[in-house]
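The values are calculated or read from the model by the stated rules, or taken from the named source; none is laboratory data. Every value quoted in this text rests on a predicted model; they were computed, and no experiment measured them. Cβ: placed from backbone, ideal geometry, glycine included. Neighbour counts: every protein chain shown. What goes into the accessible areas is simple: the full protein's heavy atoms, side chains included, and nothing from ligands, DNA or RNA. Shrake-Rupley method; radii C 1.70, N 1.55, O 1.52, S 1.80 Å.
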Amino acid sequence: MPPAETPLRWAALSLPRQGNTAAEYEDAWSADSTAGRFAVADGASESAFADLWARLLAEGFVAAERPRDLAGWLGAARGRWSAGVMGLELPWYIEAKRDEGAFATLLGLGVRCPPSGWPARWRAVAVGDSCLMQVRGDGRVRAFPVGRAADFDNQPPLIGSRGTKVPAARRCSGSLLPGDRLFLMTDALAQWFLGSHESGGRPAEALAALLFAERPQAAFAAWIEGRRTDGALRDDDVTLLGIELGSSADKASGTGI
């Protein structure tokens, strides 16, 4: 558990795809800065009740006793999804989709802060193409699980809400030094981030400015729409979660980083 003298500060921003309402947003995020756990998930829009499934995955990771052991908590998440949707009266074509189950990607992160001294440590697990970006103060970027903008496609690995199969997950770990930032993001934003970085841009500075803005959600919405309009960002649900270590004078906060 991160101690009080090095609290984790974080902020989350999200936006549905263009023309959709907040109720149609199918990404999800969850955070517990006291436990040092964070997650984002991206529901597959072609499946039924994907928004609920993405939320249950993100919340399930953050709440689990051993979150990186997917086999230990996926069954309970699947049970909650089934309890929420299997008794609903639905048109036949939606009922058929429901019976196939919902699908989503998942990126989960745990951060462990030492009682004193550095470095802190992080560990991540991923199924699919929601991504973690670790950015050093000198601009170096470490990306997981997708390392290049060209590597994104339309068929990422997904976690299903039905059955008992535990999908193969990728795992990664690293150290966290003063000045480092961690960004969790769903695929459209992650692809933009890596493309900008590969072209010599400073995407981390752009995202940090949004998280620090006086009205972050409004700034984020305007910025996303601008990137969609100029063709730099695919039109999809977008989720961003930013994390950094605070100092002893800070309090753990969900309102900014």
Selection from Pro178, Trp53, Leu211 lying farthest towards where the dipole of the chain points positive, charges on Cβ = Pro178
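Run the numbers on the chain and let me know its relative contact order in percent, using alpha-carbon pairs under 8 Å that are six or more apart. Write down the numbers at each step before the final one.
Numbers: 546 pairs, mean separation 75.1, N = 257.
Dividing the mean separation by the residue count of the chain yields 29 percent.
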Can you tell me the dipole magnitude for region 1-99 around its Cα centre, using point charges on the Cβ only (Lys, Arg +1; Asp, Glu -1), in Debye to the nearest 20?
-> 200 debye
How much solvent-accessible surface does Asp138 expose, in Å² to the nearest 10, with a 1.4 Å probe and all protein chains in place?
-> 100 Å²
Any idea what angle helix 50-63 forms with the longest principal axis of the chain, computed on alpha-carbon atoms, 0 to 90 degrees, nearest 10?
-> 50 degrees
Roughly how many Å is it from the Cα centre of region 162-189 to that of region 13-31, as a whole number?
-> 19 Å
Under a 10 Å cutoff between Cα atoms, tell me which one of Gly195, Gly108, Gly84 has the largest fluctuation in the Gaussian network model of the chain.
-> Gly84
In debye to the nearest 20, how big a dipole does region 90-175 give about its Cα centre with +1 on each Lys and Arg Cβ and -1 on each Asp and Glu Cβ?
-> 480 debye
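Could you state the accessible area per residue of region 134-209 in Å², with a 1.4 Å probe and every protein chain left in place? Don't skip to the answer; put the middle values down first.
Numbers: 3860 Å² over 76 residues.
I get 51 Å² per residue for region 134-209.
How much net charge surrounds Ala76 when only other residues with a Cβ under 13 Å from its Cβ are counted (Lys, Arg +1; Asp, Glu -1)? All intermediate terms of the calculation are to be shown ahead of the outcome.
On the way: positive: Arg66, Arg78, Arg80; negative: Glu59, Glu65, Asp69.
That works out to 0.
Tell me what the chain gives for mean residue ellipticity at 222 nm when only DSSP H runs of n ≥ 4 count, each as -39,500 (n - 2.57), the sum divided by the residue total, rounded to 500 deg cm²/dmol. Mind showing how you got there, number by number?
Values: 6 runs with 75 residues, N = 257.
The helix contribution divided over the chain gives -9000 deg cm²/dmol.
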Return the carbon/sulfur percentage of the accessible area of the chain, one whole number, probe 1.4 Å, all protein chains in place.
-> 50 percent
Unit charges on C-beta of K, R, D, E only; dipole of the chain, Debye = 900 debye
Along the three principal axes, how long is the chain when you take its alpha carbons, biggest first, rounded to the nearest angstrom?
-> 56, 43, 32
Relative to the chain, whose Cα atoms define the longest principal axis, helix 70-85 and its Cα axis are tilted in degrees, nearest 10, by 50 degrees
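Which loop GluC sites (Glu not before Pro) in region 195-227, with loop taken from DSSP, have no more than 12 other Cβ atoms within 10 angstrom of their Cβ? Walk me through the intermediate numbers first.
Values: sites: Glu198, Glu205, Glu214, Glu225; in loops: Glu214.
Filter output for region 195-227: Glu214.
Assign one of three labels to region 131-201, namely rounded, prolate or oblate, based on the Cα gyration tensor with a ≥ b ≥ c the square roots of its eigenvalues; rounded applies when a/c is under 1.5, prolate when it is not and a/b is larger than b/c, and oblate otherwise. Numbers along the way, then the final one.
On the way: a/c = 3.03, a/b = 1.59, b/c = 1.91.
Oblate, because a/c is 1.5 or more while a/b does not exceed b/c.
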Å² per residue, accessible surface of region 1-127 at 1.4 Å = 46 Å²
Please find, in a Gaussian network model of the chain (springs between Cα atoms separated by less than 10 Å), the residue of Ser199, Ser130, Ser47 whose mean-square fluctuation is greatest.
-> Ser199
Name the residue farthest towards the positive end of the dipole of the chain from the options Ala222, Ala190, Phe144, assuming +1 on Cβ of Lys and Arg, -1 on Cβ of Asp and Glu, about the Cα centre.
-> Phe144
